[in-house]
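Step one of this worksheet: look at the structure below.
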Amino acid sequence: MAKVLTDLNVKELSGTNGLVVFFYPRANAGPCSIEVNVFNHKLPDIQALGYNVVGVSLDDVKTNEEFAKKEGLNYDLVADHDQKVTKKFNDLGAFDIDGKHIPIAERTTYILDKDGNIQVTLKDVQPITAATDVIKAIEGIKK
């Protein structure tokens, strides 16, 4: 069962080789639900390569807890409501609704080594292929 964290500790969350950190714009949004489920489905394959997975959004803890439970996630989420993690990765974006500027995490995936160094950055990720793209990238690192 997923835990919802408020910070990203790479050393605690990493597998033997590293950590996959994916940013998603909003819990319970259609594409975000697809993306978290694709990662959930491919989690055993990613872990077999020595990596763990964590998802990050700007949603609060309660929203992410409900989202993780509803989706039956088997990996942790970070509720980055203060935007600290998202800003560290320079992944903060925004969209406008009815003239209101709403901050979001851009849909980007980072593959980190166990020391937290970025090995691969995947921008403009398609939710349906996100986990498969990660597996291909990790296999490329291992060559």
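The values are calculated or read from the model by the stated rules, or taken from the named source; none is laboratory data. Just so it is clear, the model here is predicted, and its values are computed rather than measured. Virtual Cβ from ideal backbone geometry, glycine too; neighbours counted across all protein chains shown.
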Within segment 25-48, residues under 14 Å from Val134 (Cα atoms), in contact with a strand residue (DSSP E or B) (Cβ under 9 Å, 6 or more places away or on another chain) and not polar (S, T, N, Q) come out as Glu35, Val36, Phe39, Lys42, Leu43, Ile46
message: One residue is enough: does segment 6-20 have a residue meeting the conditions at pLDDT below 90, of a type outside the set (D, E, K, R) and in contact with an Asp or Glu (Cβ under 9 Å, 6 or more places away or on another chain)?
response: no
When Leu122 is run through (1) touching a residue at least 24 places away in the same chain (Cβ under 8 Å); (2) under 12 Å from the mean Cα position of the chain (by Cα), the failure sits at (1)
By residue number, the members of segment 1-24 that are buried (at least 20 other Cβ atoms within 10 Å of the Cβ) and assigned to a loop (DSSP other than H, G, I, E, B) are Ala2, Leu8, Ser14, Tyr24
Residue count, segment 83-100, condition assigned to a strand (DSSP E or B) and either over 15 Å from Arg26 (Cβ atoms) or among the small types (Gly, Ala, Ser) (or both), comes to 2
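Among the residues of segment 25-37 satisfying the criterion of being surrounded by fewer than 18 Cβ atoms within 10 Å (Cβ to Cβ) and in a helix (DSSP H, G or I), which is farthest from the chain's Cα centre (by Cα)?
Filtering segment 25-37 down to residues surrounded by fewer than 18 Cβ atoms within 10 Å (Cβ to Cβ) leaves 28-31, 33-34, 37.
Filter once more, so that each one left must be in a helix (DSSP H, G or I): 30-31, 33-34, 37.
On the way: Gly30: 15, Pro31: 13, Ser33: 12, Ile34: 12, Asn37: 11 Å.
Once the filter is applied, the top-ranked residue is Gly30.
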Looking at segment 89-112, can you tell me whether even one residue there is basic (Lys, Arg), under 21 Å from Asn40 (Cβ atoms) and either surrounded by 17 or more Cβ atoms within 10 Å (Cβ to Cβ) or more than 13 Å from the chain's Cα centre (by Cα) (or both)? yes
